[in-house]
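Trainee: Attaching a single structure in structure tokens format; questions to follow.
The values are calculated or read from the model by the stated rules, or taken from the named source; none is laboratory data. Keep in mind that this is a model prediction, so the values were computed, not measured. When we count neighbours, we look across all protein chains shown, and the Cβ atoms used for this are built from the backbone with ideal geometry, even at glycine. The area values use the complete protein model at the heavy-atom level, side chains included, leaving out ligands, DNA and RNA. Shrake-Rupley method; radii C 1.70, N 1.55, O 1.52, S 1.80 Å.
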Amino acid sequence: MTLAAFSLAVLALLLAPGPTNTLMAVAGASHGVARVLRLVPAELAGYLLTVVPLALAGAGLMARAPGAALLLKLAAAAWVMVLAVRLWRSAAAGAEGFAIGAGRIFVTTALNPKALIFGLVLLPAPSPAEIAARLLVFCALVVAVALLWGGFGALSHARAGEARAGGLRRIASGWLALVSVSLLLGALRG
């Protein structure tokens, strides 16, 4: 796969709505882009924690322990459902009811099912130089997309105003619940 094809594949997957993007949008809506800027390193670290080991040794690990992928998917589904419930409950309490900090972003991203695709499918390359180039592009795209989703959240808050912030949180919560259920169903079918 060429670097250009790799970049497009990563960008398409990163842009897709998911648990991390949802939290970044809610963080932007709740506290603006400045908060999102402080959360970007946690997202990047979460991805790298999962993606790098998978890219380097993931195929062999999954062959030796096929249940590992299932356990990771189940953990991701459970975590995303916990986030959905907490976000739903916070809609009535306002932004203070559900703080989106670096820890939540880190864990959510490390358990993000997209990380499996990045680490097992897109990042592995035949040479260390190619892996390094792909990793640099990946990191740059993660930062850009995180800022895009956070900016989208901040813009939606600016347009909707404080009165509709609870509704936006409930929509985000519903989306996370749907993602969780689809992860669970996918894990059980696989």
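Trainee: Looking only at PRO53, PRO113, PRO124, which one moves most when the chain is put into a Gaussian network model with springs between Cα atoms under 10 Å?
Mentor: Per the Cα network of the chain with a 10 Å cutoff, PRO53 tops the list.
Trainee: If R₀ is 25 angstrom, what is the calculated FRET efficiency for the pair LEU136 and VAL181, using the beta carbon separation as r and rounding to 0.05?
Mentor: Values: r = 35 Å, r/R0 = 1.41.
Efficiency for this residue pair is about 0.10.
Trainee: If you bin the C-alpha pair distances of the range 1-69 every 10 Å from 0, what whole percents do you get?
Mentor: 17, 35, 34, 13, 2
Trainee: Given H placed on each backbone N at 1.01 Å, which residues far from ALA99 in sequence or on other chains put an amide H within less than 5 Å of it?
Mentor: Here the answer is none, since no amide H 5 or more places off falls under 5 Å of that of ALA99.
Trainee: Let me ask something additional. May I ask you to rank MET1, MET24, MET81 by accessible area, largest first, using a 1.4 Å probe over the protein chains only?
Mentor: Details: MET1 120, MET24 0, MET81 65 Å².
Ranked from most to least accessible, the order is MET1, MET81, MET24.
Trainee: Quote the FRET efficiency, to the nearest 0.05, computed for ILE117 versus ARG89 with a Förster distance R0 of 35 Å and r equal to the Cβ-Cβ distance.
Mentor: Details: r = 31 Å, r/R0 = 0.88.
The pair ILE117/ARG89 has a calculated efficiency of 0.70.
Trainee: In whole Å, what is the distance between the alpha-carbon centres of the range 136-152 and the range 37-91?
Mentor: One Cα centre to the other: 18 Å.
Trainee: Further question: Averaging sequence separations of C-alpha pairs under 8 Å and six or more residues apart, then dividing by the length of the chain, give the relative contact order as a whole percent. Walk me through the numbers before you get to the answer.
Mentor: On the way: 242 pairs, mean separation 85.7, N = 190.
Answer for the chain is 45 percent.
Trainee: Is the C-alpha gyration tensor of the range 101-142 telling us rounded, prolate or oblate? Criteria: a/c under 1.5 is rounded; beyond that, a/b larger than b/c is prolate, otherwise oblate. Walk me through the intermediate numbers first.
Mentor: Numbers: a/c = 3.37, a/b = 1.90, b/c = 1.77.
It comes out prolate by the Cα gyration axes.
Trainee: Tell me, what ³J(HN,Hα) does each residue in the range 40-57 have, in order and in whole Hz, if you take phi through Karplus 6.51 cos²θ - 1.76 cosθ + 1.60 with θ = phi - 60° and put x for Gly and Pro?
Mentor: With coefficients 6.51, -1.76 and 1.60, one gets 4, x, 5, 5, 4, 4, x, 4, 5, 4, 8, 6, 5, x, 5, 5, 7, 9 Hz.
Trainee: Among ALA172, ALA29, ALA69, determine the one that fluctuates most according to a GNM of the chain built with springs between C-alpha atoms less than 10 Å apart.
Mentor: Comparing ALA172, ALA29, ALA69 in a Gaussian network model of the chain, the most mobile one is ALA69.
Trainee: I've got another one for you. Of the labelled options (1) 53, 33, 23; (2) 61, 33, 32; (3) 55, 37, 30, which one gives Cα extents along the principal axes in Å as computed for this structure?
Mentor: (1)
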